[in-house]
Amino acid sequence: MNEFIKLRKSLIKDGESRNFSLLFFKTYMKHGNVQNNKDRSLFKSVEKILNLSIKSRPTQSELINAMMSLGENDYLDRLIVDLFINNQRQISKKVFEQEILKLMTANTINKAAMFSLIDICIECDMNVLKHYDLTALFSIHKNDYDIVAILMDYMYHFKINEYQGFLVNCLNWVLPDNIKIQILSLLADVYSKDLLRQEPILDFVKRKRIFEDFVGTYDKKIEFSKKGLVLVQSMFQGEFDNDGKGNNGGIAVLLKSLGNALSKDEKVGMVISVSINNEWSNDQPMIYSYSDNHLSIRMPIYINDSNADRFVKKEYYILRFFQRYFERTQINPDVFHIRYLDNASKSIALLSERLGKKLVFTLTPDPHRSMFDDSGRLNNFGKSDFLSRLNRISIGDELIYKSDGIIGIGKAQVRRELEAYFPQLTNSFTARKFTMIDEAIESIQVDPAVCDEDYCDEGKMTYGIPEAFFENPVMLNVGRLNQLKGQENLIKAWGNSRFSNDYRLLIIGGNKDNPNKEEQRTMDTFERYLNSNPYLRNRFCHVGALSNNEIRIIEKKIMSQNYNMPNIYLCSSQKEEFGIAILEALSEGYLVMAPINGGVKTYIKQGINGFLIDTKSWSSIANEAEKIIYKSDLSKETFQNIQENGRETVLKYYTMDKVSQEMLTFYLSLEGS
């Protein structure tokens, strides 16, 4: 048994997991992984707060002393804020106000500590700034949008109504749109919603669609209250409508399709898919209707994307925004469904608890399965990476405890893996709320022979792919551009193998017009490789992210050609929890090669309906793919049988109609839902 799983099993009993973070932290420290003196000092502070967090009654002096460590590190701040909120009754109101105000007004306080102190004040309902001129704080921190955002949050919570003129003037500051939305909300809810119809605010609101949509929530233009189950499903890593760009992967395709399928059932009143959007184009709506009973809401919550972990500071800030928005719009969910181990998902879990609603949690063993090396020993991580992983592991344990229903993706094999990383799933109480439900895809009917203006231009290009490209069999890869997705390894595996002679390589994904750092780095790798191997340039094509429907058109067009060799879909990811793009390729009849690590092994059976390969390096991808195509002595007919078996696997087990009914049955089974 490896060290990490042994630790998990040694401490988590009968659903109790509060101590695991501390145990794991101490074990990690004993391995001598922390060498730097500065890091060692930080880790001692983290250990001190973890010890206090499991203490039944921390003393007042211990809490005050802990507050002095605010501002050193975002993860440490998260622990201290939680410590205060969970133990606020252990400190007198008078002492609390004195100490927190002393820190807030000190010249030495840094911005991170200021943010956390204001967060604590709001959650503990302590209006320590009631005799303080808030415009002074705004003036000091005008260029720090995190501080500006939480000061607006503070004014909203305590209904501070002495700054109407100041707030109207703030709309002319250089601020992100999402903070200006906060200002509008503050003016409407704390002062009067009639202000939204007065000059100069009315002219300001007309600037972008987002502002019009937000003001429209005060006019009750959209009916949110409908009979039947009301489901809120969240996706905070990416957006619903930018498939393949930035952090947007197959989960966006899944949730749109799932929401559409669920909304057709008469037992469902409404499905609301929520995300957080930071950047707004002039015509981008805040609320979008996928169908009569399925809405997507891009929440205008200010998130600082320059932070390595964009949600860790904003846990309660996100919670409060959602709660106010739901109250204002009279959205009354029956079930919340979350899918990530991050602080934004934890925000929704805390909100469901506050509102007395049901919580469903899709559980995956990430980062758990990467905590150890091949020999089972704990891996050594950098400071920030380790604290990030510790935070996510802690969130996972807490969400298991808070959830009314837990869903694993896959079959018995993945269930056993989940139970190894989350041994609390095997106790009788938790096991009753745990089930396995697979992901699925929609079938899309497209005739690739119909080449019209929607996807072909006069120069015989299909979404930027020259028609001559389709004269050879294709090796296809679809997904966001990211190191974990392995496209950099894939181009090298293809170019350094026999495949570059016989196959064209097509990679679809990434924002080519406005790439983030990871996307740009990946595209630069493509360009450097092609510059070093110019004879490959016309055999390779990278197309930016397309909609799911457009990708399916290209997939069908490729499969409509008659080649002597099978078209290949090669997923080069280091691992895939399930793989929506893989299912779609199977359904179109591709010969699929997918990572042996992760959840794909639950439906890909080696040599029967596809192949599992080692994707840890370009050489392993090249070697194993070459063995299958060139060294296995498999005939064209055998490959065709494998491809047909892959198609039948999807049709039999992974259609959206089937899986959505399983999901709805699970939602309805929750007591009181």
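One table, with the values for the structure above:
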quantity: Helix-only CD estimate at 222 nm, as mean residue ellipticity for the chain, using -39500 (n - 2.57) per DSSP H run (n ≥ 4); calculated: -14000 deg cm²/dmol
quantity: Separation in nanometres of the label points that stand 7 Å from Cα toward Cβ, at Asp125 and Gln60; calculated: 2.0 nm
quantity: Amide H contacts under 5 Å for Leu359, placed H, 5+ residues apart; calculated: Phe336, Asp404, Gly405
quantity: In nm, spacing of pseudo-spin labels at Lys44 and Asn161 (7 Å Cα→C-beta vector); calculated: 5.1 nm
quantity: Efficiency of FRET from Cβ geometry, Gln640 and Ser617, R₀ 41 Å, rounded to 0.05; calculated: 0.85
quantity: Volume per residue that the Cα convex hull of the chain spans, once the total is divided by residue count, Å³; calculated: 173 Å³
quantity: FRET efficiency estimate (nearest 0.05) - Cβ-Cβ, Arg498 to Lys658, R0 41 angstrom; calculated: 0.55
quantity: Convex hull (Cα only) mean projected area of the stretch 381-433, reported in nm² to one decimal; calculated: 4.2 nm²
quantity: Reachable aspartates and glutamates, given that their alpha-carbon falls under 17 Å from the alpha-carbon of Lys227 and they are not under 8 places away in the same chain; calculated: Asp265, Glu266, Asp292, Asp334
quantity: Cut-off 14 Å, label 7 Å out along Cα→Cβ of Asp283, residues of the stretch 513-542 by amide N; calculated: none
quantity: Qualifying aspartates and glutamates (Cα of each under 14 Å from Cα of Lys38; at least 8 residues distant if same chain); calculated: Glu72
quantity: Shape category assigned to the stretch 246-317 from the gyration tensor of Cα positions, a/c cut at 1.5; calculated: prolate
quantity: Once the Cα gyration tensor of the stretch 467-595 is diagonalised, semi-axes √(5λ) in Å; calculated: 20, 18, 14
quantity: Loop chymotrypsin sites (Phe, Trp or Tyr not before Pro), the stretch 578-669, which have at most 15 other Cβ atoms in a 10 Å radius of their Cβ (DSSP); calculated: none
quantity: Estimated FRET transfer efficiency when R0 is 41 angstrom, pair Lys206-Asp265 (beta carbons, to 0.05); calculated: 0.60
quantity: Cross-link table Lys264/Lys433; Lys142/Lys206; Lys159/Lys180, entries beyond 21 Å C-alpha to C-alpha; calculated: Lys264/Lys433; Lys142/Lys206
quantity: Under 23 Å from the Cα of Lys601 - lysines, other chains or at least 8 residues apart; calculated: Lys411, Lys485, Lys575, Lys616, Lys627, Lys631, Lys652, Lys658
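Any read-out appearing in this document is the output of simple, stated calculations on the displayed coordinates, not a laboratory observation. No experiment lies behind these values; they were computed from the predicted model shown. Cβ atoms come from the backbone with ideal geometry, glycine included; neighbour counts cover every protein chain shown.
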